[in-house]
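Report on the following structure.
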Amino acid sequence: MGDPLISRDDAAEVLGAVARAAGPYLDALPHLPVRDPAHAGLLEQLGGPLPEDGDGAVAAIADLLRIGTRAATHSSGPRFFHFVVGGSTPAAQAGDWVTSLLDQAAGLWLTSPFAARAEAVVLRWLKELLGLPAAWGGVLTPSATFANLTGLACARHWWAERHGVDVTADGLAGLPRMPVFSSGYVHASSRKALQLLGLGRDNVRAVARDDAGRLDPAALDRALAGSGPAVLIANAGEVNGGDFDPVDAMADLAERHGAWLHVDGAFGLYAALSPRTAHLVRGVERADSVAADGHKWLNVPYESGMAFVRDASALGRAFGTWNAAYLPEPDDEFVNYNNLGPESSRRARALPIWAALRAYGRSGHRAMVERHLDLARHLGGVVERSADFELLAPVTLFVVCFRYRPAGVPADGLDDLNRRLGEELVADGRVYAGTTVYRGVVALRPAIVNWRTTTEDVDLLVSVLREIGARLTGR
Ligand SMILES: *Cc1c(COP(=O)(O)O)cnc(C)c1O
């Protein structure tokens, strides 16, 4: 086929093919297994030599759809409970298609005033939705890892300034180690951000008072008294047991000791949407920086994250490059978002969020959040009432931490049994959940965050676990 300019492929025709495939695929999605082992062989068909002349767009897209709709992980469906993986609401997904259709270079106002304005609007809406002050600065990122990186880069700049150094210009050389404190709940992505920033992955002091990792506020108070300027990471939502650090108490400590408070609220920040859980994030509005995801509980397609900072000029100081000290005014219309975050060229990732918020509003997203709270409570109740399951942590949000504990299996055999149960569950493919080690024991920790998930999907997890468990224990 050759040169795209002279081949006869019509963009509307191939996009139409995708749109025509979308209906049947999305209709089937609630009923598909998470992953169908029968289609694993199709992955081979992705390979082969680099095409010399190409098959043309129609054939290429037809092939991609044929393989993808069968062999992809249907994690956007209602029964993917492993890790914390959201789906895509129709408006968000269509907004994402529009993003690709318009293909904006969303780093500079000059290249897309449309994308810049959409990002400003979306950030304003998100602050309001999540209970953050309107005057804060913000930027959209590809993920919460990048949002943690963004917040912690601002923290690093602030901290180096306390030592008389402009770290953006001059780097870390000559500075002491930046003191970083958290609880045992600190997420691997915060460590990754510290590692990227040259601050050290292992340079976090986890001040915990028990084997679950819960914060010891008194010990943190003592540690901060002697540390000099420090950075605190509060974890608003932990992925194993679903618990939260006491953000408000950490804000008190940050205030008392003049520390920077960063909140990792990847999924937990959305607890603010329901009066039933808003207390879990009380105090986030007192933080210096906050990170969250769109592709988890907001059910926006990958990749979608967001970072917010109290001092709106902090982003420009940490990320302004090319010697351009970029200090946006609060209502500056001409924002160059590539100066406010880690990316340069970037897609208009505001559009799917804009579409979701415009389509469903605050009340729609609150209803979704509360449905997940109900489903998690339902699953927790089933587990608690079952003699063959053991609930390991209270259900705070949407994570249900438990293990299989049938009669007749000795206590020292339970870790092995649950590990194998998790592996077999994933191999089975009908419903996904995974294991972790929680307080020293192997536990399942399904997370219910997909807008399509119903009671039947959650009940299927329980019955498939029982079915596989019976096979593993030979009864
Ligand atoms: C998922 C998660 C992250 C990282 O988010 P990504 O979007 O995967 O980069 C950070 N913190 C917590 C608590 C998370 O659950």
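The values are calculated or read from the model by the stated rules, or taken from the named source; none is laboratory data. As the structure is a computational prediction, the values presented were derived from the model and not from experiment. Note: ideal-geometry Cβ built from the backbone for every residue, glycine included; neighbour counts use all protein chains shown. All accessible areas refer to the heavy atoms of the entire protein, side chains included, with ligands and DNA or RNA removed. Shrake-Rupley method; radii C 1.70, N 1.55, O 1.52, S 1.80 Å.
Place a +1 charge on the Cβ of each Lys and Arg in the stretch 343-475 and a -1 charge on the Cβ of each Asp and Glu, then give the dipole magnitude about the Cα centre in debye, rounded to the nearest 20. Please report the intermediate quantities before stating the final value.
Working: 20 positive and 16 negative charges, 134 e Å.
Computed charge dipole of the stretch 343-475: roughly 640 debye.
Estimated from helices alone, the mean residue ellipticity of the chain at 222 nm is -13500 deg cm²/dmol (sum of -39500 (n - 2.57) over DSSP H runs with n ≥ 4, per residue).
From the P(r) of the stretch 274-401, can you give the percent of Cα pairs sitting at distances over 17 Å? In whole percent, the long-distance tail amounts to 71.
DSSP loop (so not H, G, I, E, B), at most 14 other Cβ within 10 Å: list which trypsin sites (Lys or Arg not before Pro) in the stretch 148-202 pass both filters.
Values: sites: Arg156, Arg162, Arg177, Arg191, Lys192, Arg201; in loops: Arg177, Arg201.
Of the trypsin sites (Lys or Arg not before Pro), the ones in loops of the stretch 148-202 whose Cβ has at most 14 other Cβ atoms within 10 Å are Arg177, Arg201.
Using bins of 5 Å that start at zero, the share of Cα-Cα pairs per bin across the stretch 106-255 amounts to 2, 8, 15, 18, 19, 16, 11, 6, 3, 1, 0, in whole %. If you take the alpha carbon atoms of the stretch 405-447 and fit the smallest convex hull around them, that volume is 74 Å³ per residue. Since only Gly474, Val458, Phe398 are under comparison, the one whose Cα sits farthest along the positive direction of the charge dipole of the stretch 395-475, derived from C-beta charges on Lys, Arg, Asp and Glu, is Phe398.
Using heavy-atom solvent-accessible surface (probe 1.4 Å) with all chains present, what is the largest-first order of Leu110, Leu26? Don't jump to the answer; show the numbers that get you there.
Details: Leu110 140, Leu26 55 Å².
My answer, sorted largest first, is Leu110, Leu26.
In units of 2.2 N^0.38 Å, what is the alpha-carbon radius of gyration of the chain? It would help to have the intermediate numbers written out before the result.
Numbers: Rg = 23.7 Å, N = 475, 2.2 N^0.38 = 22.9 Å.
For the chain, the normalised Cα radius of gyration is 1.04.
Binning the C-alpha pair distances of the stretch 38-109 at 5 Å intervals from 0 yields a P(r) profile of 3, 11, 13, 17, 19, 18, 13, 6, 1, 0 %, listed from the shortest bin outward. Taking the Cα centre of the chain as reference, the dipole from Cβ charges on Lys and Arg (+1) and Asp and Glu (-1) amounts to some 1020 debye.
Of all accessible surface on the stretch 115-163 at a 1.4 Å probe, what whole percent is carbon and sulfur? Please report the intermediate quantities before stating the final value.
Working: 780 of 1460 Å².
Carbon and sulfur together cover 54 percent of it.
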